[in-house]
1. Given Cβ point charges of +1 (Lys, Arg) and -1 (Asp, Glu) and nothing else, what value in debye, to the nearest 20, does the dipole of the chain about its Cα centre take?
2. With r as the distance between the Cβ atoms of LYS55 and ASN85 and R0 = 25 Å, compute the FRET efficiency 1/(1 + (r/R0)^6) and round to 0.05.
3. Please find the FRET efficiency linking SER4 to SER111, where r is the Cβ-Cβ separation and R0 is fixed at 35 Å, and quote it to the nearest 0.05.
4. Based on the Cβ-Cβ distance from ASP190 to LYS160, what FRET efficiency comes out when R0 is 35 Å, to the nearest 0.05?
5. Among LYS89, LYS122, which comes first, then next, by fewest other beta-carbon atoms within 10 Å?
6. Highest GNM mean-square fluctuation, the chain, Cα pairs closer than 10 Å: which of GLY100, GLY120, GLY82?
7. Note down the nm distance, to one decimal, between modelled labels 7 Å out along Cα→Cβ at THR45 and at MET68.
8. If each residue of separation counts as 0.36 nm, what is the full-extension length gain between LYS208 and HIS134 once their alpha-carbon separation is subtracted?
Amino acid sequence: MKLSASKIKTILEILKDRYPYVKTQLEHETPFQLLIATIMSAQCTDRQVNKVSKKLFEKYPDPGALAMAPLDKIKKIIYSTGFYNNKAKNIKACATALLGEYKGVVPEDISKLIKLPGVGRKTANVVLSAAFGHQTIVVDTHVLRIAGRLGLTQGLDPVKVEYELMEIIPETAWSDLSLQFIYFGREICDAKKPLCEVCPLFEICQAKGKV
């Protein structure tokens with residue numbers, strides 16, 4: 001059952017009231033650094049990525065430096081983020097592609113971003129939103145879970161969920177909503193043990209009593 005426009009508006013208002021100021025927790029100084037940090041963030045906490053990013057960018061601050069970095073050195077630095085072999089290859093290849101295709105400048109275009117090694121729609125949307133100020137919907141595990149529980153979307157395909165949300169959420173709220181869902185997922189709507197008894201969205205939630 002699809003939610004009414006009034007219920008969707010209520011969800012947006014409650015989340016906006018609870019989390020009025022939201023931003024990515026990945027620390028960065030440039031779009032390039034955010035791009036690389038987001039690649040590293042897969043299956044890893046933002047806190048750990050920030051620790052690793054600081055070391056990585058002190059040594060290799062830009063695409064030129066990172067493209068020339070020995071792969072083993074990159075692996076050693078990012079080891080604690082998990083899946084380091086694949087991430088290191090993608091990071092180096094991404095920096096190399098940026099140099100070859102875009103003169104070291106991160107493109108402000110999703111069709112170009114997703115062609116870079118290690119970059120999918122989620123990573124591209126993070127960069128477009130946080131680095132360039134575009135309105136995007138970033139579908140991570142929190143967004144996927146909460147949008148489904150609330151009845152905003154159906155299914156588990158991140159790309160389909162992204163487009164479903166784009167159809168029913170005002171564009172001016174896209175970027176904030178993605179982050180508000182992430183904050184909300186960490187604070188209340190946990191995957192295994194959601195705090196339904198204190199949830200401000202409980203009466204609207206389509207999954208109440210089923211989680």
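1. Approximately 740 debye in magnitude.
2. My answer for the efficiency is 0.90.
3. 0.55
4. On the way: r = 24 Å, r/R0 = 0.68.
The computed FRET efficiency comes out at 0.90.
5. Least crowded to most crowded, the residues run LYS89, LYS122.
6. Largest GNM mean-square fluctuation: GLY100.
7. Going by the 7 Å Cα→Cβ label model, 3.6 nm.
8. 23.3 nm
Only the coordinates and a few stated rules stand behind these numbers; no lab work does. All values reported here derive from a predicted model rather than from experimental measurement. Don't worry about glycine lacking a Cβ; one is built from the backbone with ideal geometry, like all the others, and counts go over all protein chains shown.
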